[in-house]
Amino acid sequence: MNSFFRCIALALALGAAGPAAAQGADAKDNIAGPYVPTPWVIVDEMLKLADIRGEDVVYDLGSGDGRLVIAAAKRFGARGVGVELQTELVEMGRIGAKHDGVADRVKFVQGDLFEADIKDATVVMLYLLPRFTTRLVPKLRAELRPGTRIVSHDYALAPWPPDKELSMDVPEKEMISGTAWTRLFYYVVPARVQGVWELSLPKALAGRPLTLDITQEPDSLSGTARDAKEVLPLRDLAVRGVSVRFGLLYRGRLLALEGKVNGQTMAGEARARGVSDRWTARYRGPIPR
């Protein structure tokens, strides 16, 4: 597979870099940089970091020659979708998928990655210039399902902090980008918990429901719990995929809550000294301004 891509990628890289850069001056500004093939050693590491499995649907936004989604399909049995603006590269991806016997599991879509329908993805791969990764953050967090994994090559999804980061030297990359230094950023899309929630605790811990106010941004997550008398901070509030946890000092007891988010409900186990029981929360709407 590598030799097949090398032959065609070299010709396309030489021919595609100029036009892509020139088109980048268009008012729409949707050309995510010239075509730069991802070295195979980095492809391997991106697939490993994403922990690709047979049930995954892997999207590559700005898929170039299609090598990432083709490799995911061939090695792991995953399905893949490549989204690419340049017609020549879309055709190359289709030829590559057919050559490697995965055309029934991989498809390539010619179009703007900022307008692509990505809701079916369980994994998203990116190798884009930093101004484009930043522009993608609202789309990724709004449209992808909680638990979707994202791997971005070289450029972080600022201001969203990564869940993991991997760095390494890749000598063959120096010919492409002028440096061997490579970074991979791994993210897990969090459940959306912004808003007002009604929290029901075990009766041994609270006689009536509390109100949670949660503020969620790409680079921050905070919240409070309130009853008729006081407003208390949620301690160490964290959301990873559909998992949520936080602490709450209420009526002299430190409560530890862990659970799962399922759309407009949350549920799990609340623990305090001598008590362990179920808690639930229901979404009540946006935080009043």
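The values are calculated or read from the model by the stated rules, or taken from the named source; none is laboratory data. Please read all numbers here as calculations on a predicted model, not as lab measurements. In this analysis, Cβ positions are derived from the backbone assuming ideal geometry, glycine residues included, and neighbour counts consider all displayed protein chains. Just so you know, the surface numbers come from the protein's heavy atoms only, side chains and all, with ligands and any DNA or RNA stripped out. Shrake-Rupley method; radii C 1.70, N 1.55, O 1.52, S 1.80 Å.
For the chain, the antiparallel share of DSSP beta bridges with both residues in that region comes to about 75%. If you line up the long axis of helix 40-50 against the longest principal axis of the chain, both from Cα atoms, how many degrees apart are they, to the nearest 10? In the chain, helix 40-50 runs at an angle near 20 degrees to the longest axis.
The E143 and R273 beta-carbon pair, evaluated with R₀ = 45 Å, returns a calculated FRET efficiency of approximately 0.60. Under 5 Å from the amide H of G111 lie the amide H atoms of E84, L85, each residue being 5 or more positions distant or on a separate chain, with H modelled from the backbone and absent for Pro and chain starts.
Across the options P34, L68, I95, the greatest Cα extent toward the positive end of the charge dipole of the chain (unit charges at beta carbon of Lys, Arg, Asp, Glu) belongs to L68. Amide H contacts for R284 (H built 1.01 Å from N in the peptide plane; partners 5 or more residues away or on another chain; cut-off under 5 Å): V196, W197, E198. Rounded to the nearest 10 degrees, the inclination of helix 130-143 to the longest alpha-carbon principal axis of the chain is 50 degrees. Accessible surface for the chain, divided over its residues, is 49 Å² per residue with a 1.4 Å probe. The angle between the Cα long axis of helix 87-99 and the longest principal axis of the Cα atoms of the chain comes to about 90 degrees, rounded to the nearest 10.
What percent do you get for the relative contact order of the chain when only Cα pairs under 8 Å and 6+ apart count? Before the final figure, lay out each step's value.
Details: 608 pairs, mean separation 32.6, N = 289.
Here the relative contact order equals 11 percent.
Pop out the carbon and sulfur fraction of the accessible area of region 40-196 as a percent, whole number, probe 1.4 Å. Answer for region 40-196 is 53 percent, counting heavy atoms of protein chains only. Label separation (D169 vs H99): 3.1 nm, computed from points 7 Å beyond Cα along the C-beta direction.
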